[in-house]
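The structure under discussion appears below in the form of structure tokens.
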Amino acid sequence: AMNRLLSRLWHTKARAPDKPFRDTLLSIERLEERALALAASFTVDPSPRRRARNIFLRFDENARVLHEAYRTLADDVRTGQFVTSAAEWLLDNFHLVTSEIRDIHQHLPRTYYRELPTLASREQAGHARIYAMAVELVRHSDSRIDRQQLTVFVNSYQRVAPLTIGELWAWPSMLKLALIENLRRLAEEMLEARRARLAADAYVSRIEDGAGHAEQPLP
């Protein structure tokens, strides 16, 4: 019976969430080198007919996932459940997250994004170049970006491949899109750990209940 319970818990596991953007933290000097390497490796699609992939479907989904995570974690707090420090951070700062989501909706027209230069490589095909740059900066800064990092990264990139005026205008929104994407991945990671913890608690409770029944004397 215990094996069947464990099997059910395992097979009800949802699809593994996407991994957060997390790579080696880079010093300013290494970040400059990374920007130069990116500029040399990124190839912009030359076709004027090519349009950037619609990133807003994912963005809307990210907003929905984050709202669901907030509600789930807030319910845990109300019912006195264990809440991790990362979950507490999301609960305490969720008003800032929703503010940034509204800001992206207001300041980045969906048609504007479609006109941004896109990448041609197989791995990045259809992604706006400026968004790929934002993801790379988030990946190597652990989502903690300061003014010096921003300046060095963009200026170093443009020493090899100048960006368009449209890309520079969209850069703040691209960073926010990348940060929201990463926060969604971190939230899914939190919820997956929560699910595993609840499944383990249920398994232990079932074992303890079974042991308790076994110890009861026959009438």
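The values are calculated or read from the model by the stated rules, or taken from the named source; none is laboratory data. This one's a predicted model, so the numbers in the text were calculated from it and none came from an experiment. Heads up, the Cβs are rebuilt from the backbone with ideal geometry, glycines too, and the neighbour counts pull from every protein chain shown. All accessible areas refer to the heavy atoms of the entire protein, side chains included, with ligands and DNA or RNA removed. Shrake-Rupley method; radii C 1.70, N 1.55, O 1.52, S 1.80 Å.
Using +1 on the beta carbon of Lys and Arg, -1 on that of Asp and Glu, and nothing else charged, what's the dipole of the range 111-172 about the Cα centre, debye to 20?
40
Considering only protein heavy atoms and a probe of 1.4 Å, how much of the accessible area of the chain is carbon and sulfur, as a whole percent?
54
Where only protein heavy atoms count, and the probe is 1.4 Å, what is the accessible area per residue for the chain in Å²?
Per residue, the chain has an accessible area of 61 Å².
Over the range 22-133, what is the relative contact order in percent, taking alpha-carbon pairs closer than 8 angstrom and at least six residues apart?
41
Mind checking the dipole of the range 104-219: about its Cα centre, +1 per Lys or Arg Cβ, -1 per Asp or Glu Cβ, Debye to the nearest 20? Could the numbers behind the result be given before it?
Working: 15 positive and 14 negative charges, 127 e Å.
Its charge dipole is roughly 620 debye.
Rounded to the nearest 500, what is the chain's calculated 222 nm mean residue ellipticity when only DSSP H runs of at least 4 contribute -39500 (n - 2.57) each, over all residues?
That calculation yields -23500 deg cm²/dmol at 222 nm.
How high is the FRET efficiency from Gln158 to Asp23, r the C-beta distance, R0 25 Å, rounded to 0.05? Show your work: numbers first, answer last.
On the way: r = 22 Å, r/R0 = 0.89.
According to the calculation, E is roughly 0.65.
Among Leu179, Leu150, Ala196, whose Cα projects farthest towards the positive end of the dipole of the range 146-197, with charges put on the beta-carbon of Lys, Arg (+1) and Asp, Glu (-1)?
Ala196
Quote to one decimal, in nm, the extra length available between Leu150 and Arg110 on full extension: 0.36 nm per residue of separation minus the C-alpha distance between them.
Additional length available on full extension: 12.0 nm.
Please name which of Ile101, Gly166, Ala87 has its Cα lying farthest along the dipole of the chain towards the positive end, using unit charges on Cβ (Lys, Arg +1; Asp, Glu -1) and the Cα centre as origin.
Result: Gly166.
Normalising by the residue count of the chain, find the relative contact order in percent from Cα pairs under 8 Å and 6+ residues apart. Provide the component values of the computation, followed by the final result.
Values: 187 pairs, mean separation 82.8, N = 219.
It comes to 38 percent, rounded to a whole number.
What accessible area, in Å² to the nearest ten, does a 1.4 Å probe give for Tyr203?
Tyr203 exposes around 60 Å² with every protein chain in place.
How do 185-193, 121-129 rank on mean C-beta neighbours within 10 Å, highest first?
185-193, 121-129
Residue by residue through the range 24-32, which ³J(HN,Hα) values in whole Hz follow from phi under the Karplus form 6.51 cos²θ - 1.76 cosθ + 1.60 (θ = phi - 60°), with glycine and proline marked x?
Listing the rounded values in order: 4, 5, 10, 5, 4, 5, 5, 5, 4 Hz.
Compactness ratio of the range 119-178: Cα Rg over 2.2 N^0.38 Å, N = residue count?
1.08
Using volume of the Cα convex hull per residue in Å³ as the read-out, say which of (i) 161; (ii) 125; (iii) 302 was calculated from these coordinates.
The value matching this structure is (i).
What is the dipole size for the range 43-92, taken about its Cα centre, with +1 at each Lys and Arg Cβ and -1 at each Asp and Glu Cβ, in debye to the nearest 20?
Dipole size: approximately 540 debye.
Given 0.36 nm per residue, what is the gain on full extension from Trp169 to Arg78 after removing their alpha carbon distance, in nm?
28.5 nm
If contacts are Cα pairs under 8 angstrom and at least 6 residues apart, what is the relative contact order of the range 83-182 in percent? List each step's numbers first, then the result.
Working: 56 pairs, mean separation 33.1, N = 100.
Result for the range 83-182 is 33 percent.
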